[in-house]
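Enquirer: Got a structure for you, questions after.
The values are calculated or read from the model by the stated rules, or taken from the named source; none is laboratory data. These figures come from a predicted structure and were not determined experimentally. Note that we place each Cβ from the backbone using ideal geometry, even for glycine, and neighbour counts take in every protein chain shown. Please note that ligands, DNA and RNA were not included when accessible areas were found on the heavy atoms of the full protein model with its side chains. Shrake-Rupley method; radii C 1.70, N 1.55, O 1.52, S 1.80 Å.
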Amino acid sequence: MEQLEQLKSWVEDSRRIVFFGGAGVSTESGIPDFRSAGGLYSEDGDYPPETIVSHDFFERHTAEFYRFYRERMLWPDAVPNAAHLALARWEREGKLSAVVTQNIDGLHQAAGSRTVWELHGSVHRNHCLSCGRSFTLREVLECEGVPRCHGGDAGCPCGGVIKPDVVLYGEPLEERVLRGAADAIASADMLIVGGTSLAVYPAAGLTDYYRGRRLVLINRTATPQDRRADLLIRGSLGEILGGLDS
């Protein structure tokens with residue numbers, strides 16, 4: 001396939017690839033996305049999922065937030081797929097300088113990627129809203145109902161509510177992460193965008209920082225930025241990225 005040969009050639013010639021990805025990167029690991037048929041946003045319930053994963057809902061209906069969060073947003077047994085592994089390998093080989101992700105699952109790091117800008121945070125980081133103590137995902141999963149601080153100064157629990165370090169609707173993206181992602185994209189000699197609808201801002205606007213001539217879009221469906229692409233490929237990220245070395 002001519003498109004794959006072109007992609008392979010560009011990857012071999014590049015030294016500062018940046019990959020920008022969304023939920024579609026992790027669907028091949030068994031984690032559902034949000035907007036496709038069968039995704040989280042297509043589910044019926046007492047509250048729309050978009051409402052549940054908002055800052056206001058977390059504060060007002062914390063128990064209901066955690067019920068949904070545990071059932072639908074946490075996938076502790078998911079493992080990296082071929083796309084995650086290929087990106088980590090490129091970083092080790094000195095071809096890829098950074099991953100910019102909208103995902104919160106930590107699978108890029110699990111695959112071995114080190115420079116990862118997590119725009120929407122991570123389920124693996126959690127903190128007590130009262131004392132700031134940090135908690136792991138496993139500790140949150142082991143709690144029933146609303147997880148509360150079971151440690152603090154001198155090991156004494158303060159009992160504060162634990163919040164996942166994920167960006168909820170109504171919360172701003174962390175400026176440090178946004179700047180790091182923007183700088184990485186601006187300095188890239190190749191930008192690969194995959195598994196994202198490019199419809200969620202301000203994250204989607206980060207692609208505007210890329211001024212090069214190797215903008216690659218890999219998606220199963222169309223995006224608003226398809227016309228900008230120097231190379232447009234439809235298909236599975238895992239099959240495409242993982243198959244380049246074959």
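Enquirer: Val161 passes all but one of (1) within 21 Å of the chain's Cα centre (by Cα); (2) farther than 20 Å from Ala83 by Cβ; (3) in contact (Cβ under 8 Å) with a residue 40 or more places away in the chain; which number fails?
Expert: Going through the list (1) within 21 Å of the chain's Cα centre (by Cα); (2) farther than 20 Å from Ala83 by Cβ; (3) in contact (Cβ under 8 Å) with a residue 40 or more places away in the chain, Val161 breaks only (1).
Enquirer: What tally of residues in the range 187-246 results from selecting those that are part of a helix (DSSP H, G or I), more than 20 Å from Ala111 (Cβ to Cβ) and either modelled with pLDDT under 90 or not hydrophobic (A, V, I, L, M, F, W, C) (or both)?
Expert: Filtering the range 187-246 for residues part of a helix (DSSP H, G or I) gives 203-209, 226-228, 237-242.
With more than 20 Å from Ala111 (Cβ to Cβ) added as a condition, the list becomes 203-209, 226-228.
If we keep only those that are either modelled with pLDDT under 90 or not hydrophobic (A, V, I, L, M, F, W, C) (or both) too, we end up with 203-205, 207-209, 226-228.
Result for the range 187-246: 9.
Enquirer: Confirm whether Ala182 is in contact with a Pro (Cβ under 6 Å, 6 or more places away or on another chain), open to solvent by less than 30 Å² (accessible area, probe 1.4 Å) and over 19 Å from Ala63 (Cα atoms).
Expert: Working: in contact with a Pro (Cβ under 6 Å, 6 or more places away or on another chain): no; open to solvent by less than 30 Å² (accessible area, probe 1.4 Å): yes; over 19 Å from Ala63 (Cα atoms): yes.
No: the conditions fail for Ala182.
Enquirer: Answer yes if at least one residue in the range 133-145 is in contact with a Lys or Arg (Cβ under 8 Å, 6 or more places away or on another chain), in a strand (DSSP E or B) and touching a residue at least 40 places away in the same chain (Cβ under 8 Å), and no otherwise.
Expert: Within the range 133-145, not a single residue is in contact with a Lys or Arg (Cβ under 8 Å, 6 or more places away or on another chain), in a strand (DSSP E or B) and touching a residue at least 40 places away in the same chain (Cβ under 8 Å).
Enquirer: When only residues in the range 1-34 that are exposed (fewer than 15 other Cβ atoms within 10 Å of the Cβ) and part of a loop (DSSP other than H, G, I, E, B) count, which is modelled with the lowest pLDDT?
Expert: Selected residue: Met1.
Enquirer: In addition: Are any residues in the range 90-129 in contact (Cβ under 8 Å) with a residue 40 or more places away in the chain, of a type in the set (Ser, Thr, Tyr) and assigned to a loop (DSSP other than H, G, I, E, B), and if so, which ones?
Expert: If the condition is that a residue be in contact (Cβ under 8 Å) with a residue 40 or more places away in the chain, of a type in the set (Ser, Thr, Tyr) and assigned to a loop (DSSP other than H, G, I, E, B), then Thr115 is the only one that fits.
Enquirer: Do any residues in the range 218-246 that are on the phi > 0 side of the Ramachandran plot have Cβ atoms under 9 Å from those of residues that are assigned to a loop (DSSP other than H, G, I, E, B) and open to solvent by 20 Å² or more (accessible area, probe 1.4 Å), where the two are at least six apart or on different chains, and which pairs are they?
Expert: From residues that are on the phi > 0 side of the Ramachandran plot, the pairs are Gly235/Arg220.
Enquirer: Could you check how many residues of the range 191-246 are open to solvent by less than 80 Å² (accessible area, probe 1.4 Å), touching a Lys or Arg at 6+ places or on another chain (Cβ under 8 Å) and basic (Lys, Arg)?
Expert: So the count comes out to 0.
Enquirer: From the residues in the range 145-172 that are at pLDDT 95 or above and of a type in the set (A, V, I, L, M, F, W, C), which one is surrounded by the fewest Cβ atoms within 10 Å (Cβ to Cβ)?
Expert: Result: Val146.
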